[in-house]
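Enquirer: Have a look at this one.
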Amino acid sequence: AAVAHARGMIRKIAEMPRAAEGTRGDLAALLEQLRRPPRRRGLIVVISDFLGDMEWQRPLRALSARHDIVAIEVVDPRDVDLPEVGTVVLSDPETGRQREVTASALLRKEFNAAAAEHRAEVAAGLRRAGAGHLVLRTDSDWIADTVRFVVARKRRWSGGVA
């Protein structure tokens, strides 16, 4: 029964329609919706790129007082590492705005540093909330990454070692 339920949840996530261009996500508001009305203790899985503002931290901490939380951060390498390609067109999928920039060595260095700093802030915010943090990159093997995450969590829960 649990396996069938899990498959149903994964199917539901996979079949969610894509938001229209220009739709801006509000993770903090969605997390607040999970708090009201209060639900029985359970597991909350948050799947996001966690790009943008960090307003989600407070509602996530509040949810973690009652629920176990796993945050799945989906990372596209293009969001964290500006390649050495000369002129590139950057596009904001939420607004549809585009901007052409030259990927100079200095711009790449600043972009990569800002992306690394933001990812570190996300990791720290999730840690403060007591959430498990699984990073899935669009250019890697999600199954292997998920198995490693689950095995590490299981060891922590059981208090055992490898």
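Enquirer: Over the chain, give the accessible area per residue in Å² for a 1.4 Å probe, as an integer. Mind showing how you got there, number by number?
Expert: Details: 11670 Å² over 162 residues.
Using a 1.4 Å probe on heavy atoms only, each residue of the chain averages 72 Å².
Enquirer: Which whole-number percentage describes the relative contact order of the chain, with Cα contacts under 8 Å and a sequence gap of 6 or more? Show your work: numbers first, answer last.
Expert: Working: 167 pairs, mean separation 37.5, N = 162.
In percent, rounded to a whole number, it is 23.
Enquirer: Okay, next question. Sorting check: for 9-16, 30-37, which peptide has the highest mean count of neighbouring beta carbons within 10 Å, and how do the rest follow?
Expert: Details: 9-16: 8.9, 30-37: 13.1.
Descending mean neighbour count gives 30-37, 9-16.
Enquirer: Note down the net charge around P59, summing +1 for each Lys or Arg and -1 for each Asp or Glu among other residues with Cβ under 11 Å from its Cβ.
Expert: Details: positive: R35, R36, R58, R61; negative: D26, E32, E55.
Net charge in that neighbourhood comes out at +1.
Enquirer: Relative contact order for the range 86-137: what is it in percent, counting Cα pairs under 8 Å that are at least 6 residues apart? Don't skip to the end; give the middle numbers.
Expert: Numbers: 27 pairs, mean separation 11.1, N = 52.
Reported as a whole number, the value is 21 percent.
Enquirer: Specify the angular offset, from 0 to 90 degrees and rounded to the nearest 10, of the alpha carbon long axis of helix 142-158 from the longest principal axis of the alpha carbons in the chain.
Expert: Taking the Cα atoms of the chain, the angle to 142-158 is about 40 degrees.
Enquirer: Express in whole angstrom the spacing between the alpha-carbon centres of the range 1-49 and the range 66-122.
Expert: Taking the Cα centre of the range 66-122 as reference, the centre of the range 1-49 is 24 Å away.
Enquirer: When only DSSP loop residues count, what GluC sites (Glu not before Pro) in the range 33-107 have their Cβ near at most 11 other Cβ atoms within 10 Å?
Expert: Numbers: sites: E55, E73, E84, E94, E100; in loops: E55, E84, E94.
Sparse-neighbourhood loop GluC sites (Glu not before Pro): E84.
Enquirer: A further question on this structure: To test your reading of the geometry: what angle, between 0 and 90 degrees and rounded to tens, separates the Cα axis of helix 105-128 from the longest principal axis of the chain?
Expert: Computed tilt is about 10 degrees.
Enquirer: Ok, one more. Loop-only trypsin sites (Lys or Arg not before Pro) in the range 84-162, please: DSSP not H, G, I, E or B, and at most 12 other Cβ atoms within 10 Å.
Expert: When the trypsin sites (Lys or Arg not before Pro) of the range 84-162 are filtered for loop state and at most 12 Cβ neighbours within 10 Å, R97 remain.
Enquirer: Expressed as a fraction of 2.2 N^0.38 Å, the rule-of-thumb size for a compact globular protein of N residues, what is the C-alpha radius of gyration of the range 41-162?
Expert: Details: Rg = 17.1 Å, N = 122, 2.2 N^0.38 = 13.7 Å.
The range 41-162 yields a ratio of 1.25.
Enquirer: Here's another thing I want to ask about it. Using the Cα atoms of the range 1-71 to build a convex hull, what is its mean projected area in square nanometres?
Expert: On the way: hull surface 22.9 nm².
Result: a mean projected hull area of 5.7 nm².
Enquirer: Next question, about the same structure. Just from its helices, what would the mean residue ellipticity at 222 nm be for the chain, if runs of 4 or more DSSP H residues each count -39500 (n - 2.57) and the sum is divided by every residue, rounded to the nearest 500 deg cm²/dmol? Walk me through the numbers on the way to the answer.
Expert: Details: 6 runs with 75 residues, N = 162.
That comes out to -14500 deg cm²/dmol.
The values are calculated or read from the model by the stated rules, or taken from the named source; none is laboratory data. Values in this document were obtained by computation on a predicted structure and should not be read as measured data. In this analysis, Cβ positions are derived from the backbone assuming ideal geometry, glycine residues included, and neighbour counts consider all displayed protein chains. Surface areas here come from the heavy atoms of the whole protein model, side chains and all, with no ligands, DNA or RNA. Shrake-Rupley method; radii C 1.70, N 1.55, O 1.52, S 1.80 Å.
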